[in-house]
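The values are calculated or read from the model by the stated rules, or taken from the named source; none is laboratory data. Since the structure is predicted, the reported quantities are computational estimates derived from the model, not experimental observations. Glycine also receives a Cβ, built like all others from the backbone with ideal geometry; neighbour counts cover every protein chain displayed. Please note that ligands, DNA and RNA were not included when accessible areas were found on the heavy atoms of the full protein model with its side chains. Shrake-Rupley method; radii C 1.70, N 1.55, O 1.52, S 1.80 Å.
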Amino acid sequence: MKKMIRTAAVILSTMMVFSMTACAKKADPKEVFDTAVKKNSELTSMDMDTTMKMTMTQGEENIDITVDMKMKMSDISKDTMQYLAETKTSLMGQTLDATIFYKDGYYYMDSMGQKIKYPMDLTALMESVKQSTESTNLQSDQLKDLTMAKEGDNTILTFTADPEKMNEYLTDVMGSMSGMGAMGDTQMSFKEASGTYTVNKDGYYTDMTMKMTVDMDLQGEAVTMVMDLTGKVNNPGQEVTVELPDTEGYTEVEMPAAQ
């Protein structure tokens with residue numbers, strides 16, 4: 001009997017240890033989400049691909065727009081920062097390709113057969129890049145529901161967004177767009193959004209998806225926009241080599257004024 005009691009005590013003790021360990025290792029989805037966003041925002045190099053598909057509806061008319069972008073950056077937030085973006089925009093059967101990069105104090109753009117450049121302070125570029133890369137980042141307090149599941153070495157975070165918080169998010173995004181002279185007078189109201197973040201074993205997010213629906217007041221016209229966004233961060237945490245194009249043949253112009 002004493003041996004059985006001792007054995008039972010050992011088993012109970014072992015079960016308690018396992019139980020406590022399991023509880024200690026149970027991660028909070030919000031903590032995992034915010035930690036991943038923070039880790040990605042602190043990267044000093046980035047290789048990222050994004051695709052944004054938009055359908056804008058006004059009455060019975062629809063317009064589909066797709067923007068694909070491949071972006072590479074190295075030495076982020078340093079004087080030696082290098083930036084290269086290649087974009088492809090598809091609209092109404094037309095495709096517009098553009099190559100944009102920064103080198104030695106100049107912002108270069110090659111689009112529609114035109115090559116232009118204009119002086120740009122590195123601080124201004126870094127702020128613009130920050131707005132473009134962080135405008136897609138959410139925080140857990142902007143989400144209404146957030147669940148977590150394991151898939152091999154990865155963690156899949158699935159969310160739906162909080163309407164009130166997302167309206168604030170849209171205001172921030174529109175602020176960055178108005179700084180670039182786009183959609184500055186457009187009023188937007190969030191309806192719904194959902195998506196996923198894939199976090200790897202090192203705590204970086206490598207893939208994200210988001211589908212968002214918003215109502216817009218576009219110069220007095222009611223428009224509904226559905227946006228599907230996908231993003232992939234290639235090998236986060238690894239050094240990125242940026243090979244910039246030749247700078248010959250670019251015409252210097254005045255820097256566009258902020259709208």
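Put a dot 7 Å past the Cα of Ile63, heading toward its Cβ, do the same for Leu244, and the two dots end up 3.4 nm apart. Structure note, pairs Lys30/Lys72; Lys72/Lys211; Lys165/Lys191; Lys53/Lys150; Lys117/Lys232: Cα-Cα distances above 18 angstrom occur for Lys30/Lys72; Lys72/Lys211; Lys53/Lys150; Lys117/Lys232.
Stretched out straight at 0.36 nm per residue, the stretch from Thr51 to Asp217 would grow longer than its current Cα-Cα span by 57.3 nm. The GluC sites (Glu not before Pro) found in region 194-259 that occupy coil by DSSP, while having at most 12 further C-beta atoms within 10 Å, are Glu239, Glu243, Glu248, Glu254. Charge tally for Lys70 (other residues, Cβ to Cβ under 14 Å; Lys, Arg +1; Asp, Glu -1): -3. What is the sum of charges around Thr198, taking Lys and Arg as +1, Asp and Glu as -1, for the other residues whose C-beta is under 15 Å from the C-beta of Thr198? Value of the local net charge: -1.
Solvent-accessible area of Tyr205, all protein chains in place: 10 Å² (probe radius 1.4 Å, heavy atoms, ligands and nucleic acids excluded).
Less than 5 angstrom separates the built amide H of Lys115 from those of Thr251, all sequence-distant by 5 or more or on a different chain. Apolar share of the accessible surface for region 185-239: 40 percent from carbon plus sulfur atoms, 1.4 Å probe.
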